[in-house]
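What follows is one structure encoded as structure tokens, with my remarks underneath.
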Amino acid sequence: MDSPAHPAFVVRASAIHGSGVFAARDIAAGEKIVEYRGEKITKAEAERRGLAREARRDGAGRVYIFELNQRYDLDGDIPDNPAKYINHSCEENCEAVLERGKVWIYSKRDICAGEELTYDYGYALEHFLDHPCRCGSPRCVGYIVHQTARTKLKQLLARSRKRAGRRES
Ligand SMILES: [Zn+2]
């Protein structure tokens, strides 16, 4: 049995971006790993904080804001929220699930000790150029966008590559 003294994860430097969260032991598919904690704020406040952080562009590159419902968002940029260090991947092994007003990170598949935990940040296609992805997975589309937008992004990128090719010839 896993005791709380042996948490499922550890935070350390990541090859994807800054700090990452890594499995400290084998994790089975469907495990509830960690709560994504934060401060509940209104949409207007979330918008203000998001823009301020994007504008700072200090290399942090993360906005940490989660959508809770139509009225409120969750700002995960608090000290006691290790889940905020989980990186995005185009081939993620975890997912964020909203459960009774709380966000939980669940494993989507079996994860081996030492693997980095990732989930789909779910960004819209808009402004994708601002969010390059370095997840390193074979299926990486190069930018952080929601799974449902990746096919469209690949088409967009292929079209712009074709145009660039024509200009060169
Ligand atoms: Zn990627």
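The values are calculated or read from the model by the stated rules, or taken from the named source; none is laboratory data. On a predicted model such as this, the values are computed, not experimentally measured, just so you know. Here Cβ is always computed from backbone atoms with ideal geometry, including for glycine, and neighbour counts include all displayed protein chains. Remember, those area values only see protein heavy atoms, side chains included, never the ligands or the DNA or RNA. Shrake-Rupley method; radii C 1.70, N 1.55, O 1.52, S 1.80 Å.
At 222 nm, what helix-only mean residue ellipticity would the chain give, in deg cm²/dmol to the nearest 500, using -39500 (n - 2.57) for each DSSP H run of four or more?
The helix contribution divided over the chain gives -6500 deg cm²/dmol.
5 Å is the cut-off here: which amide hydrogens, built 1.01 Å from N in the peptide plane, fall below it relative to Ile33, excluding neighbours closer than 5 in sequence?
Ile105, Tyr106, Ser107
Give me the accessible area per residue for the chain, probe 1.4 Å, as a whole number in Å².
Per residue, the chain has an accessible area of 61 Å².
Counting only Cα, what are the radius of gyration and maximum Cα-Cα distance Dmax of the chain, in Å?
Considering the chain through its Cα atoms, Rg and Dmax are 17.3, 64 Å.
Quick check: at a probe of 1.4 Å, how many percent of the accessible area of the chain sits on carbon and sulfur atoms?
Reported share for carbon and sulfur atoms: 51 percent.
Looking at the chain, identify the longest residue range that excludes and avoids all trypsin sites (Lys or Arg not before Pro) in DSSP loops having at most 10 other Cβ atoms within 10 Å.
Excluding the exposed sites themselves, the longest stretch runs over 1-56.
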